[in-house]
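The values are calculated or read from the model by the stated rules, or taken from the named source; none is laboratory data. What you see is a predicted model; the values in this text were computed from it and never measured. Every residue, glycine as well, gets a Cβ built from its backbone with ideal geometry; the counts of neighbours run over all protein chains shown.
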Amino acid sequence: MNWIAANADREQTMGRLPGIGVQFQRLYASFYRLPQLPPEIVEMCRLRLAQLHRSEADFALEEYPLASDRREQLQHWHRAASFSAGERACLELAEVYAMDCGAVTDAQADAVKEHFGEAGLVALLQALGVFDGFIRLGLIWRAAPVGGRQHD
Amino acid sequence: MTSAARVSPPAGNTGNVIRDSALGIVPETLDHYLALNAAIWDAGPLGAAEVELARLRNARHTGCVLCQAVRYDVAIADGLTEDKVQVIRGDDPAAGLSERERLIVAFVDQYNLDPGGIPGHLQQALLAAFREDELLHLSLLVAWFNGSSRCAVALGGMPEAMPRLEISVPR
């Protein structure tokens with residue numbers, strides 16, 4: 001149960017400090033409208049972070065539609081042939097970032113740049129930071145996220 | 001840690017440290033970044049010294065050398081001393097800090113190390129010492145600085161050490 005704002009979900013809790021919370025939500029939403037990164041990949045990386053944080057509530061969100069089989073394969077994307085080289089590069093970077101941002105290697109960064117350019121790498125790292133923040137806020141507040149909509 | 005930056009900053013010099021950084025090559029997020037960063041300093045109830053205390057403690061966790069070297073002038077004007085900064089950056093932050101400051105450090109540490117495991121006694125202590133809007137401000141500023149600091153580290157080019165650098169909030 002949310003210990004700061006009783007009965008409020010994560011987004012409602014952020015909205016109780018609108019001068020900052022609304023700005024945060026606008027930045028979050030902007031990552032799904034980038035020309036540098038396909039929104040499918042942005043969503044895959046958000047979902048992978050949710051898995052690594054063991055946040056079932058964040059994994060249940062659907063900010064951008066993905067095919068069900070892609071969601072199901074996400075935890076084992078290394079072994080799934082359906083993920084493209086560009087998707088793999090972003091997912092690998094997301095996993096390392098989640099564990100230790102200082103452990104990202106030049107090769108991992110170059111792999112993302114090869115597919116999405118320098119701006120794509122910057123955008124991905126920005127998105128990972130904000131997604132990670134939203135997930136951590138939900139966990140530390142004990143406030144369930146509501147996001148776009150629940151995945152069926 | 002890498003010694004070479006992985007991304008080139010935009011050409012030109014606007015004088016704004018965010019616009020002139022690698023973040024400047026993603027115009028679609030830049031204005032949102034600047035607006036949120038300014039709101040963190042301007043639109044919450046915590047004073048600049050407490051914001052800076054949390055930011056610097058967070059930077060210790062992320063290992064961002066640049067973030068640890070920076071001091072925001074508004075925080076210094078609000079009373080944050082370099083002696084206190086050194087306490088915050090140390091292993092024993094209980095020494096020399098007020099109860100509110102110790103709780104800010106404890107919250108930042110919990111956010112970084114185990115956000116889902118926040119114990120009941122820390123929740124109660126935070127609720128006793130801060131208003132709801134102050135706890136929301138603390139939470140959101142830690143989330144913001146944590147993400148932006150980790151982004152800076154992952155973009156590479158971080159020096160081994162930097163001298164103290166006093167700056168204004170970029171707008």
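In the list B:LEU23, B:LEU36, which residue meets the criterion of being within 14 Å of chain A (Cβ to nearest Cβ), over 29 Å from B:GLN123 (Cα atoms) and not aromatic (Phe, Trp, Tyr)?
After applying the criteria, what remains is B:LEU23.
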So which pairs qualify, if the first residue must be in the stretch B:35-58 and closer than 15 Å to B:VAL169 by Cα and in contact (Cβ under 8 Å) with a residue 40 or more places away in the chain, the second must be basic (Lys, Arg) and surrounded by fewer than 20 Cβ atoms within 10 Å (Cβ to Cβ), the Cβ gap must be under 6 Å, and the two must be at least 6 apart or on different chains?
B:ALA38/B:ARG171
Which residue, of B:SER148, B:SER168, is among the hydroxyl-bearing types (Ser, Thr, Tyr), crowded, with 16+ Cβ neighbours inside 10 Å, in contact (Cβ under 8 Å) with a residue 12 or more places away in the chain and closer than 29 Å to A:LEU125 by Cα?
B:SER148
Report yes if some residue within the stretch A:102-123 is at pLDDT below 95 and surrounded by 15 or more Cβ atoms within 10 Å (Cβ to Cβ); otherwise report no.
yes
Among residues of the stretch A:13-39, those that are surrounded by fewer than 16 Cβ atoms within 10 Å (Cβ to Cβ) and either touching a Cys at 6+ places or on another chain (Cβ under 8 Å) or more than 11 Å from chain B (Cβ to nearest Cβ) (or both), counted
1
Selection from the stretch B:108-126 of residues that are surrounded by fewer than 24 Cβ atoms within 10 Å (Cβ to Cβ), more than 7 Å from every other protein chain (Cβ to nearest Cβ) and in a helix (DSSP H, G or I)
B:ASP109, B:ASN112, B:LEU113, B:GLY117, B:GLY120, B:HIS121, B:LEU122, B:GLN124, B:ALA125, B:LEU126
Looking at the stretch A:73-105 only, could you name the residues that are within 14 Å of another protein chain (Cβ to nearest Cβ) and not in a helix (DSSP H, G or I)?
A:ASP100, A:VAL104, A:THR105
Report the residue count in the stretch B:87-104 for those that are in a helix (DSSP H, G or I) and closer than 15 Å to B:ARG60 by Cα.
4
Name, by its number, the condition in (1) surrounded by fewer than 20 Cβ atoms within 10 Å (Cβ to Cβ); (2) facing chain A (nearest Cβ under 10 Å); (3) modelled with pLDDT of 95 or more that does not hold for B:ALA49.
(2)
